[in-house]
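Novice: Before I ask anything, here is the structure I am working with.
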Amino acid sequence: MADIKDKLERLKKERETRSRSKSQLVKDTWKEIQKAEDLSVKDKLENLISLTRQEKPSEPKTPPFEPLEREPLQFFENPYSLDFKYGKVTISSGLEIKGNILTCLSKESAFENLDLSTALFIDLETTGLSGGTGVVAFLVGLGFYRDDKFYVDQFFLGELAEEERMIQELGQFFSQMNFQSVVTYNGKCFDMPLLETRFILHKQPFILSELPHLDFLFPARSLWRHKYESCRLSHLAHEVVEAGRSEDIPSAEIPWRYFQYLNTGNFELIEPILYHNQEDILSLLGVIIVGSFIFSDEKEEKLTNAMDLYGAGRVMENIGEAEKSVHFFKRALKRGLSDELSLAAKKKISYHFKKNKEWKSAVSLWKEMTSSDTQSKDLLLSFRELAMYLEHKEKKYEEARKIAEEGYVLSLDFSSYYEKDFTHRRERLKRKIQGQKEKKYNDVGI
(Lines give C-alpha, C1' and ligand atoms only; values in the text may rest on other atoms or scores of the structure.)
Protein backbone atom coordinates (compact mmCIF):
# COMPACT_ATOMS: atom_id res chain seq x y z
CA MET A 1 0.00 0.00 0.00
CA ALA A 2 2.87 2.38 0.89
CA ASP A 3 4.51 1.75 -2.51
CA ILE A 4 1.30 2.68 -4.35
CA LYS A 5 0.95 5.91 -2.35
CA ASP A 6 4.58 6.86 -3.07
CA LYS A 7 4.08 6.25 -6.81
CA LEU A 8 0.96 8.38 -6.89
CA GLU A 9 2.71 11.19 -5.02
CA ARG A 10 5.68 11.06 -7.41
CA LEU A 11 3.41 11.17 -10.48
CA LYS A 12 1.57 14.15 -9.01
CA LYS A 13 4.85 16.07 -8.51
CA GLU A 14 5.98 15.25 -12.05
CA ARG A 15 2.70 16.59 -13.49
CA GLU A 16 3.06 19.81 -11.41
CA THR A 17 6.64 20.25 -12.62
CA ARG A 18 5.60 19.78 -16.26
CA SER A 19 2.74 22.22 -15.75
CA ARG A 20 5.03 24.92 -14.21
CA SER A 21 7.60 24.44 -16.98
CA LYS A 22 4.96 24.91 -19.66
CA SER A 23 3.56 27.98 -17.91
CA GLN A 24 7.02 29.58 -17.68
CA LEU A 25 7.66 28.80 -21.35
CA VAL A 26 4.46 30.63 -22.35
CA LYS A 27 5.40 33.68 -20.25
CA ASP A 28 8.93 33.93 -21.67
CA THR A 29 7.71 33.49 -25.24
CA TRP A 30 5.05 36.17 -24.81
CA LYS A 31 7.63 38.66 -23.57
CA GLU A 32 9.71 38.16 -26.70
CA ILE A 33 6.69 38.50 -29.01
CA GLN A 34 5.60 41.71 -27.29
CA LYS A 35 8.82 43.42 -28.50
CA ALA A 36 7.64 43.16 -32.10
CA GLU A 37 5.68 46.44 -32.41
CA ASP A 38 4.71 45.93 -36.07
CA LEU A 39 2.49 42.86 -35.28
CA SER A 40 -1.18 43.03 -34.43
CA VAL A 41 -2.51 41.33 -31.29
CA LYS A 42 -4.00 38.58 -33.44
CA ASP A 43 -0.65 37.88 -35.09
CA LYS A 44 1.12 37.87 -31.72
CA LEU A 45 -1.32 35.27 -30.32
CA GLU A 46 -0.94 33.07 -33.37
CA ASN A 47 2.86 33.23 -32.97
CA LEU A 48 2.51 32.33 -29.29
CA ILE A 49 0.41 29.28 -30.08
CA SER A 50 2.76 28.22 -32.83
CA LEU A 51 5.92 28.58 -30.73
CA THR A 52 4.57 26.91 -27.56
CA ARG A 53 2.69 24.00 -29.20
CA GLN A 54 4.31 20.67 -28.24
CA GLU A 55 4.31 17.89 -30.80
CA LYS A 56 2.67 14.64 -29.67
CA PRO A 57 5.17 11.85 -29.58
CA SER A 58 4.33 9.38 -32.33
CA GLU A 59 3.22 5.95 -31.11
CA PRO A 60 5.66 3.19 -31.87
CA LYS A 61 4.50 1.16 -34.83
CA THR A 62 3.96 -2.51 -34.00
CA PRO A 63 4.14 -5.05 -36.74
CA PRO A 64 0.74 -6.66 -37.53
CA PHE A 65 0.12 -10.03 -35.74
CA GLU A 66 0.55 -13.05 -37.97
CA PRO A 67 -1.24 -16.20 -36.77
CA LEU A 68 0.53 -19.50 -37.13
CA GLU A 69 -0.28 -21.53 -40.21
CA ARG A 70 -3.23 -23.92 -39.74
CA GLU A 71 -4.02 -27.25 -41.38
CA PRO A 72 -7.47 -26.85 -43.02
CA LEU A 73 -8.61 -30.38 -42.13
CA GLN A 74 -6.84 -33.00 -40.05
CA PHE A 75 -7.53 -36.67 -39.37
CA PHE A 76 -6.32 -38.49 -36.26
CA GLU A 77 -6.56 -42.23 -35.62
CA ASN A 78 -6.15 -43.80 -32.18
CA PRO A 79 -6.27 -47.63 -32.12
CA TYR A 80 -6.75 -49.54 -28.84
CA SER A 81 -6.08 -53.27 -28.55
CA LEU A 82 -8.97 -55.42 -27.36
CA ASP A 83 -7.11 -56.29 -24.14
CA PHE A 84 -6.71 -52.58 -23.29
CA LYS A 85 -8.24 -51.78 -19.89
CA TYR A 86 -10.18 -48.57 -19.46
CA GLY A 87 -10.77 -48.24 -15.75
CA LYS A 88 -12.03 -51.60 -14.56
CA VAL A 89 -13.36 -52.80 -17.93
CA THR A 90 -11.59 -54.46 -20.82
CA ILE A 91 -12.35 -53.07 -24.28
CA SER A 92 -13.17 -56.54 -25.65
CA SER A 93 -16.11 -56.85 -23.20
CA GLY A 94 -18.13 -54.57 -25.44
CA LEU A 95 -18.23 -57.33 -28.06
CA GLU A 96 -19.89 -59.68 -25.55
CA ILE A 97 -23.02 -57.52 -25.13
CA LYS A 98 -25.96 -59.33 -26.70
CA GLY A 99 -28.65 -57.85 -28.88
CA ASN A 100 -31.45 -58.46 -26.36
CA ILE A 101 -29.62 -56.27 -23.80
CA LEU A 102 -29.02 -53.54 -26.38
CA THR A 103 -32.74 -53.72 -27.20
CA CYS A 104 -33.63 -53.15 -23.53
CA LEU A 105 -31.24 -50.21 -23.26
CA SER A 106 -32.28 -48.57 -26.53
CA LYS A 107 -36.02 -49.44 -26.64
CA GLU A 108 -35.44 -50.37 -30.31
CA SER A 109 -36.21 -53.92 -31.43
CA ALA A 110 -33.81 -53.46 -34.38
CA PHE A 111 -30.93 -54.14 -31.97
CA GLU A 112 -32.17 -57.68 -31.33
CA ASN A 113 -29.96 -59.10 -34.09
CA LEU A 114 -27.09 -56.64 -33.64
CA ASP A 115 -24.09 -56.20 -31.39
CA LEU A 116 -21.49 -53.48 -30.92
CA SER A 117 -19.08 -54.94 -33.49
CA THR A 118 -20.90 -52.96 -36.21
CA ALA A 119 -21.85 -49.92 -34.11
CA LEU A 120 -20.55 -46.37 -34.53
CA PHE A 121 -19.93 -44.34 -31.37
CA ILE A 122 -20.23 -40.59 -32.02
CA ASP A 123 -19.23 -37.57 -29.95
CA LEU A 124 -19.01 -34.01 -31.29
CA GLU A 125 -17.16 -30.93 -30.08
CA THR A 126 -18.84 -27.79 -31.39
CA THR A 127 -18.63 -24.01 -31.54
CA GLY A 128 -21.58 -23.72 -29.13
CA LEU A 129 -23.72 -25.77 -26.80
CA SER A 130 -27.13 -24.31 -27.67
CA GLY A 131 -27.60 -25.92 -31.08
CA GLY A 132 -29.02 -24.23 -34.17
CA THR A 133 -27.81 -23.76 -37.73
CA GLY A 134 -25.01 -21.39 -36.63
CA VAL A 135 -23.30 -24.08 -34.56
CA VAL A 136 -20.52 -26.00 -36.31
CA ALA A 137 -19.08 -29.37 -35.28
CA PHE A 138 -15.35 -28.66 -35.55
CA LEU A 139 -14.31 -32.04 -34.11
CA VAL A 140 -16.12 -35.27 -34.94
CA GLY A 141 -15.05 -38.22 -32.79
CA LEU A 142 -15.91 -41.71 -34.06
CA GLY A 143 -15.41 -44.95 -32.15
CA PHE A 144 -15.80 -48.44 -33.63
CA TYR A 145 -14.51 -52.01 -33.55
CA ARG A 146 -12.47 -53.20 -36.55
CA ASP A 147 -9.71 -55.77 -37.12
CA ASP A 148 -9.35 -56.81 -33.45
CA LYS A 149 -9.06 -53.22 -32.27
CA PHE A 150 -11.26 -50.41 -31.03
CA TYR A 151 -10.54 -47.22 -32.98
CA VAL A 152 -11.19 -43.63 -32.00
CA ASP A 153 -10.94 -41.61 -35.21
CA GLN A 154 -11.20 -37.82 -35.19
CA PHE A 155 -11.91 -35.33 -37.98
CA PHE A 156 -10.69 -31.88 -36.94
CA LEU A 157 -11.77 -28.74 -38.83
CA GLY A 158 -8.85 -26.29 -38.80
CA GLU A 159 -10.54 -23.81 -41.15
CA LEU A 160 -14.28 -23.14 -41.01
CA ALA A 161 -14.27 -22.66 -44.78
CA GLU A 162 -13.34 -26.34 -45.16
CA GLU A 163 -16.50 -27.65 -43.49
CA GLU A 164 -18.04 -28.83 -46.76
CA ARG A 165 -14.95 -30.91 -47.48
CA MET A 166 -15.10 -32.45 -43.99
CA ILE A 167 -18.80 -33.29 -44.44
CA GLN A 168 -18.07 -34.97 -47.78
CA GLU A 169 -15.26 -37.05 -46.26
CA LEU A 170 -17.46 -38.03 -43.32
CA GLY A 171 -20.20 -39.11 -45.72
CA GLN A 172 -17.74 -41.32 -47.62
CA PHE A 173 -16.42 -42.74 -44.34
CA PHE A 174 -19.93 -43.66 -43.10
CA SER A 175 -20.78 -45.28 -46.43
CA GLN A 176 -17.58 -47.30 -46.74
CA MET A 177 -17.62 -48.56 -43.13
CA ASN A 178 -21.22 -49.84 -43.42
CA PHE A 179 -22.14 -49.29 -39.78
CA GLN A 180 -25.37 -50.94 -38.61
CA SER A 181 -26.19 -48.79 -35.57
CA VAL A 182 -25.28 -45.57 -33.77
CA VAL A 183 -24.35 -45.12 -30.10
CA THR A 184 -24.25 -41.71 -28.36
CA TYR A 185 -24.69 -39.98 -25.03
CA ASN A 186 -27.43 -37.36 -25.40
CA GLY A 187 -27.04 -37.75 -29.15
CA LYS A 188 -30.76 -37.85 -29.90
CA CYS A 189 -31.14 -34.29 -28.62
CA PHE A 190 -27.78 -32.82 -29.64
CA ASP A 191 -25.13 -34.65 -31.67
CA MET A 192 -27.26 -36.35 -34.32
CA PRO A 193 -29.62 -33.44 -35.11
CA LEU A 194 -26.64 -31.06 -35.33
CA LEU A 195 -24.65 -33.35 -37.60
CA GLU A 196 -27.69 -33.98 -39.80
CA THR A 197 -28.23 -30.21 -40.09
CA ARG A 198 -24.65 -29.71 -41.32
CA PHE A 199 -25.10 -32.49 -43.90
CA ILE A 200 -28.36 -30.93 -45.13
CA LEU A 201 -26.77 -27.47 -45.42
CA HIS A 202 -24.06 -28.94 -47.64
CA LYS A 203 -26.58 -31.03 -49.62
CA GLN A 204 -25.13 -34.36 -48.55
CA PRO A 205 -27.16 -37.49 -47.63
CA PHE A 206 -27.00 -38.38 -43.93
CA ILE A 207 -27.28 -42.17 -43.91
CA LEU A 208 -26.81 -42.48 -40.13
CA SER A 209 -30.33 -41.13 -39.52
CA GLU A 210 -31.73 -44.41 -40.87
CA LEU A 211 -29.86 -46.60 -38.35
CA PRO A 212 -31.10 -47.82 -34.94
CA HIS A 213 -29.79 -45.49 -32.25
CA LEU A 214 -28.81 -46.25 -28.65
CA ASP A 215 -28.69 -42.97 -26.72
CA PHE A 216 -27.28 -44.22 -23.43
CA LEU A 217 -28.14 -41.04 -21.49
CA PHE A 218 -31.69 -42.29 -20.88
CA PRO A 219 -30.93 -45.82 -19.59
CA ALA A 220 -28.01 -44.36 -17.60
CA ARG A 221 -30.44 -42.11 -15.72
CA SER A 222 -32.70 -45.07 -14.97
CA LEU A 223 -29.77 -47.20 -13.84
CA TRP A 224 -27.90 -44.72 -11.68
CA ARG A 225 -29.76 -41.46 -10.99
CA HIS A 226 -30.83 -42.77 -7.57
CA LYS A 227 -27.25 -43.83 -6.82
CA TYR A 228 -24.99 -40.96 -7.94
CA GLU A 229 -25.27 -37.20 -7.62
CA SER A 230 -24.77 -36.67 -11.35
CA CYS A 231 -25.32 -38.62 -14.56
CA ARG A 232 -22.81 -36.58 -16.56
CA LEU A 233 -20.74 -38.96 -18.66
CA SER A 234 -17.43 -37.93 -17.07
CA HIS A 235 -18.88 -38.43 -13.59
CA LEU A 236 -20.25 -41.89 -14.41
CA ALA A 237 -16.91 -42.83 -15.99
CA HIS A 238 -15.24 -42.01 -12.68
CA GLU A 239 -17.85 -43.67 -10.45
CA VAL A 240 -19.02 -46.62 -12.54
CA VAL A 241 -16.01 -47.48 -14.70
CA GLU A 242 -13.42 -46.19 -12.19
CA ALA A 243 -11.58 -44.41 -15.00
CA GLY A 244 -9.41 -41.44 -14.08
CA ARG A 245 -9.77 -38.50 -16.46
CA SER A 246 -6.78 -36.43 -15.47
CA GLU A 247 -5.96 -33.12 -17.20
CA ASP A 248 -9.47 -32.97 -18.64
CA ILE A 249 -11.18 -29.67 -19.46
CA PRO A 250 -14.78 -28.54 -18.85
CA SER A 251 -17.09 -28.76 -21.87
CA ALA A 252 -18.03 -25.08 -21.58
CA GLU A 253 -14.41 -24.09 -22.25
CA ILE A 254 -14.13 -25.96 -25.54
CA PRO A 255 -15.76 -23.39 -27.90
CA TRP A 256 -13.58 -20.63 -26.44
CA ARG A 257 -10.43 -22.70 -27.03
CA TYR A 258 -11.41 -23.33 -30.64
CA PHE A 259 -12.03 -19.64 -31.40
CA GLN A 260 -8.71 -18.77 -29.77
CA TYR A 261 -7.08 -21.36 -32.02
CA LEU A 262 -8.68 -19.77 -35.11
CA ASN A 263 -7.20 -16.42 -34.03
CA THR A 264 -3.73 -17.65 -33.16
CA GLY A 265 -3.13 -20.98 -34.89
CA ASN A 266 -1.75 -22.32 -31.59
CA PHE A 267 -2.52 -26.05 -31.73
CA GLU A 268 -1.68 -26.47 -28.04
CA LEU A 269 -5.15 -25.04 -27.38
CA ILE A 270 -6.70 -27.95 -29.30
CA GLU A 271 -4.73 -30.87 -27.88
CA PRO A 272 -6.74 -31.01 -24.61
CA ILE A 273 -9.95 -31.04 -26.69
CA LEU A 274 -8.73 -34.04 -28.68
CA TYR A 275 -7.97 -35.81 -25.40
CA HIS A 276 -11.38 -34.85 -23.97
CA ASN A 277 -13.14 -36.20 -27.06
CA GLN A 278 -11.26 -39.51 -26.95
CA GLU A 279 -12.08 -39.89 -23.27
CA ASP A 280 -15.79 -39.24 -23.90
CA ILE A 281 -15.95 -42.05 -26.46
CA LEU A 282 -14.02 -44.48 -24.25
CA SER A 283 -16.16 -43.44 -21.27
CA LEU A 284 -19.32 -44.09 -23.27
CA LEU A 285 -18.13 -47.57 -24.21
CA GLY A 286 -17.10 -48.18 -20.59
CA VAL A 287 -20.40 -47.22 -18.97
CA ILE A 288 -22.36 -49.27 -21.53
CA ILE A 289 -20.21 -52.31 -20.72
CA VAL A 290 -20.77 -51.92 -16.97
CA GLY A 291 -24.46 -51.17 -17.48
CA SER A 292 -24.90 -54.30 -19.58
CA PHE A 293 -23.25 -56.44 -16.88
CA ILE A 294 -26.24 -55.73 -14.62
CA PHE A 295 -28.50 -57.61 -17.05
CA SER A 296 -26.06 -60.46 -17.64
CA ASP A 297 -26.49 -63.58 -15.51
CA GLU A 298 -22.79 -64.39 -15.86
CA LYS A 299 -21.51 -60.95 -14.79
CA GLU A 300 -24.20 -59.65 -12.45
CA GLU A 301 -23.40 -61.54 -9.23
CA LYS A 302 -19.88 -60.14 -8.83
CA LEU A 303 -20.16 -56.70 -10.39
CA THR A 304 -23.50 -55.27 -9.23
CA ASN A 305 -25.21 -54.35 -6.00
CA ALA A 306 -28.77 -53.76 -4.80
CA MET A 307 -28.94 -50.22 -6.20
CA ASP A 308 -27.78 -51.41 -9.64
CA LEU A 309 -30.47 -54.10 -9.63
CA TYR A 310 -33.06 -51.49 -8.66
CA GLY A 311 -31.91 -49.43 -11.66
CA ALA A 312 -32.26 -52.49 -13.91
CA GLY A 313 -35.82 -52.85 -12.65
CA ARG A 314 -36.52 -49.26 -13.67
CA VAL A 315 -35.09 -49.88 -17.16
CA MET A 316 -37.37 -52.90 -17.59
CA GLU A 317 -40.31 -50.93 -16.23
CA ASN A 318 -39.68 -48.16 -18.78
CA ILE A 319 -39.82 -50.57 -21.71
CA GLY A 320 -43.01 -52.24 -20.44
CA GLU A 321 -41.39 -55.50 -19.27
CA ALA A 322 -43.34 -55.76 -16.00
CA GLU A 323 -42.40 -59.33 -15.11
CA LYS A 324 -38.70 -58.66 -15.62
CA SER A 325 -38.84 -55.38 -13.70
CA VAL A 326 -40.44 -57.15 -10.71
CA HIS A 327 -37.74 -59.83 -10.97
CA PHE A 328 -35.01 -57.17 -10.59
CA PHE A 329 -36.83 -55.27 -7.84
CA LYS A 330 -37.18 -58.47 -5.81
CA ARG A 331 -33.50 -59.26 -6.21
CA ALA A 332 -32.63 -55.70 -5.19
CA LEU A 333 -34.71 -56.08 -2.01
CA LYS A 334 -32.91 -59.31 -1.15
CA ARG A 335 -29.53 -57.58 -1.54
CA GLY A 336 -30.65 -54.78 0.82
CA LEU A 337 -31.88 -51.36 -0.27
CA SER A 338 -32.14 -48.13 1.71
CA ASP A 339 -35.49 -47.60 3.44
CA GLU A 340 -36.63 -45.08 0.83
CA LEU A 341 -35.70 -47.24 -2.17
CA SER A 342 -37.07 -50.31 -0.43
CA LEU A 343 -40.48 -48.61 -0.19
CA ALA A 344 -40.28 -47.55 -3.83
CA ALA A 345 -39.43 -51.12 -4.95
CA LYS A 346 -42.23 -52.62 -2.85
CA LYS A 347 -44.68 -50.09 -4.29
CA LYS A 348 -43.76 -51.12 -7.84
CA ILE A 349 -44.02 -54.82 -7.01
CA SER A 350 -47.37 -54.32 -5.26
CA TYR A 351 -48.76 -52.54 -8.34
CA HIS A 352 -47.82 -55.61 -10.37
CA PHE A 353 -49.63 -57.87 -7.90
CA LYS A 354 -52.67 -55.58 -7.90
CA LYS A 355 -52.82 -55.47 -11.70
CA ASN A 356 -52.74 -59.27 -11.82
CA LYS A 357 -55.27 -59.55 -8.94
CA GLU A 358 -52.77 -61.34 -6.73
CA TRP A 359 -54.44 -59.75 -3.73
CA LYS A 360 -52.83 -61.84 -1.02
CA SER A 361 -49.31 -60.89 -2.15
CA ALA A 362 -50.28 -57.25 -2.66
CA VAL A 363 -51.90 -56.92 0.79
CA SER A 364 -48.89 -58.56 2.42
CA LEU A 365 -46.61 -55.94 0.85
CA TRP A 366 -48.89 -53.02 1.77
CA LYS A 367 -48.98 -54.16 5.40
CA GLU A 368 -45.19 -54.53 5.36
CA MET A 369 -44.85 -51.01 3.95
CA THR A 370 -47.15 -49.43 6.58
CA SER A 371 -44.76 -50.57 9.31
CA SER A 372 -41.89 -48.50 7.86
CA ASP A 373 -40.54 -45.49 9.78
CA THR A 374 -39.60 -43.65 6.57
CA GLN A 375 -41.88 -40.76 5.71
CA SER A 376 -42.55 -40.64 2.00
CA LYS A 377 -45.41 -40.61 -0.49
CA ASP A 378 -44.77 -44.31 -1.10
CA LEU A 379 -45.55 -44.93 2.57
CA LEU A 380 -48.80 -42.97 2.32
CA LEU A 381 -49.70 -44.85 -0.83
CA SER A 382 -49.49 -48.15 1.06
CA PHE A 383 -52.02 -46.86 3.63
CA ARG A 384 -54.30 -45.69 0.83
CA GLU A 385 -54.10 -48.95 -1.12
CA LEU A 386 -54.69 -51.02 2.01
CA ALA A 387 -57.69 -48.87 3.03
CA MET A 388 -59.11 -49.16 -0.52
CA TYR A 389 -58.72 -52.93 -0.49
CA LEU A 390 -60.39 -53.36 2.91
CA GLU A 391 -63.22 -51.04 1.90
CA HIS A 392 -64.01 -52.27 -1.59
CA LYS A 393 -62.85 -55.92 -1.62
CA GLU A 394 -63.34 -57.09 1.97
CA LYS A 395 -66.10 -54.64 2.98
CA LYS A 396 -64.30 -54.31 6.33
CA TYR A 397 -65.21 -50.67 6.87
CA GLU A 398 -64.01 -50.34 10.45
CA GLU A 399 -60.55 -51.73 9.64
CA ALA A 400 -60.39 -49.55 6.56
CA ARG A 401 -61.33 -46.48 8.66
CA LYS A 402 -58.50 -47.16 11.11
CA ILE A 403 -55.97 -47.47 8.28
CA ALA A 404 -57.30 -44.26 6.70
CA GLU A 405 -57.02 -42.51 10.08
CA GLU A 406 -53.36 -43.50 10.41
CA GLY A 407 -52.69 -42.35 6.87
CA TYR A 408 -54.41 -39.04 7.55
CA VAL A 409 -52.24 -38.34 10.62
CA LEU A 410 -49.05 -39.09 8.69
CA SER A 411 -50.13 -36.98 5.72
CA LEU A 412 -50.50 -33.82 7.82
CA ASP A 413 -46.71 -33.36 7.85
CA PHE A 414 -45.85 -33.53 4.19
CA SER A 415 -48.67 -34.19 1.71
CA SER A 416 -51.76 -32.03 1.22
CA TYR A 417 -52.88 -34.37 -1.59
CA TYR A 418 -53.04 -37.40 0.68
CA GLU A 419 -54.47 -35.29 3.50
CA LYS A 420 -57.50 -34.45 1.31
CA ASP A 421 -57.74 -38.03 0.08
CA PHE A 422 -57.77 -39.52 3.58
CA THR A 423 -60.21 -36.83 4.81
CA HIS A 424 -62.80 -37.79 2.15
CA ARG A 425 -62.12 -41.49 2.68
CA ARG A 426 -62.65 -41.26 6.46
CA GLU A 427 -65.93 -39.39 6.03
CA ARG A 428 -67.21 -41.90 3.49
CA LEU A 429 -66.22 -44.85 5.70
CA LYS A 430 -67.96 -43.28 8.70
CA ARG A 431 -71.16 -43.06 6.67
CA LYS A 432 -70.81 -46.66 5.54
CA ILE A 433 -70.18 -47.83 9.14
CA GLN A 434 -73.23 -45.89 10.28
CA GLY A 435 -75.24 -47.43 7.45
CA GLN A 436 -74.13 -50.91 8.51
CA LYS A 437 -75.27 -50.24 12.10
CA GLU A 438 -78.64 -48.92 11.00
CA LYS A 439 -79.17 -51.91 8.71
CA LYS A 440 -78.26 -54.25 11.57
CA TYR A 441 -80.80 -52.57 13.89
CA ASN A 442 -83.46 -52.69 11.20
CA ASP A 443 -82.75 -56.36 10.54
CA VAL A 444 -83.04 -57.10 14.31
CA GLY A 445 -86.31 -55.13 14.46
CA ILE A 446 -87.76 -57.18 11.64
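Novice: Please verify whether THR103 is of a type in the set (Val, Ile, Thr) and either closer than 25 Å to ILE288 by Cβ or assigned to a strand (DSSP E or B) (or both), treating the condition exactly as stated.
Specialist: On the way: of a type in the set (Val, Ile, Thr): yes; either closer than 25 Å to ILE288 by Cβ or assigned to a strand (DSSP E or B) (or both): yes.
Spelling it out, THR103 is indeed of a type in the set (Val, Ile, Thr) and either closer than 25 Å to ILE288 by Cβ or assigned to a strand (DSSP E or B) (or both).
Novice: Of everything in the stretch 367-384 that's more than 13 Å from LYS346 (Cβ to Cβ) and either among the acidic types (Asp, Glu) or at pLDDT below 85 (or both), which residue is surrounded by the most Cβ atoms within 10 Å (Cβ to Cβ)?
Specialist: Step by step, filter the stretch 367-384, then rank; the result is GLN375.
Novice: Assuming ARG314 fulfils every condition listed in (1) touching a Leu at 6+ places or on another chain (Cβ under 8 Å); (2) among the charged types (D, E, K, R); (3) at pLDDT below 95 apart from one, which condition is it?
Specialist: Evaluating ARG314 over (1) touching a Leu at 6+ places or on another chain (Cβ under 8 Å); (2) among the charged types (D, E, K, R); (3) at pLDDT below 95 leaves (3) as the failure.
Novice: Sticking with this structure for a sec: Looking at (1) more than 30 Å from THR304 (Cβ to Cβ); (2) at pLDDT below 95; (3) touching a strand residue (DSSP E or B) at 6+ places or on another chain (Cβ under 7 Å), which is the one condition that is false for GLU247?
Specialist: For GLU247, the exception is condition (3).
Novice: Continuing with this model, one more query. Since ASP83 meets every condition but one in (1) assigned to a loop (DSSP other than H, G, I, E, B); (2) in contact with a Pro (Cβ under 6 Å, 6 or more places away or on another chain), which condition does it not meet?
Specialist: (2)
Novice: Hey, another quick one. Residues in the stretch 214-272 that are over 25 Å from VAL182 (Cβ atoms) and hydrophobic (A, V, I, L, M, F, W, C): how many?
Specialist: Here the count works out to 8.
Novice: Look through GLU406, GLU399 and report the one residue that is farther than 30 Å from GLU108 by Cα and in contact with a Leu (Cβ under 6 Å, 6 or more places away or on another chain).
Specialist: Working: GLU406 fails: in contact with a Leu (Cβ under 6 Å, 6 or more places away or on another chain).
Result of the check over GLU406, GLU399: GLU399.
Novice: Something else about it: Give the number of residues within the stretch 334-366 that are of a type in the set (A, V, I, L, M, F, W, C) and under 29 Å from the mean Cα position of the chain (by Cα). Reasoning before the result, please.
Specialist: Within the stretch 334-366, the first condition is being of a type in the set (A, V, I, L, M, F, W, C), and the residues that meet it are 337, 341, 343-345, 349, 353, 359, 362-363, 365-366.
Those left that are additionally under 29 Å from the mean Cα position of the chain (by Cα): 337, 341, 343-345.
The qualifying residues number 5.
Novice: Return yes when ASP421 is in a helix (DSSP H, G or I), among the acidic types (Asp, Glu), without any contact (Cβ under 8 Å) to a residue 60 or more places away in the chain and in contact with a Leu (Cβ under 6 Å, 6 or more places away or on another chain) and no when it is not.
Specialist: On the way: in a helix (DSSP H, G or I): yes; among the acidic types (Asp, Glu): yes; without any contact (Cβ under 8 Å) to a residue 60 or more places away in the chain: yes; in contact with a Leu (Cβ under 6 Å, 6 or more places away or on another chain): no.
So ASP421 fails the test.
Novice: I need the helices (runs of 4 or more DSSP H) fully contained in the stretch 142-240, keeping only those with at least 3 residues that are buried (at least 19 other Cβ atoms within 10 Å of the Cβ). Working first, answer last.
Specialist: Working: elements: 163-177, 192-201, 217-224, 233-236.
By residue number, 163-177, 192-201, 217-224.
Novice: Sort through LEU333, LEU284, LEU309, LEU343 and tell me the only one that's touching a residue at least 12 places away in the same chain (Cβ under 8 Å) and assigned by TED's automatic domain parsing to the domain that holds ASP153.
Specialist: Details: LEU333 fails: assigned by TED's automatic domain parsing to the domain that holds ASP153; LEU309 fails: assigned by TED's automatic domain parsing to the domain that holds ASP153; LEU343 fails: assigned by TED's automatic domain parsing to the domain that holds ASP153.
Going through LEU333, LEU284, LEU309, LEU343 in turn, the sole match is LEU284.
Novice: May I ask you to list pairs of residues, at least six apart or on different chains, whose Cβ atoms are under 8 Å apart, with the first in the stretch 182-202 being over 19 Å from LEU285 (Cα atoms) and the second being part of a helix (DSSP H, G or I) and basic (Lys, Arg)?
Specialist: Final answer for the pair search is none.
The values are calculated or read from the model by the stated rules, or taken from the named source; none is laboratory data. Only a predicted model underlies this, so the values are computations on that prediction, with no experimental measurement involved. Counting neighbours? That spans all protein chains shown, and the Cβs are built from the backbone with ideal geometry, glycine included.
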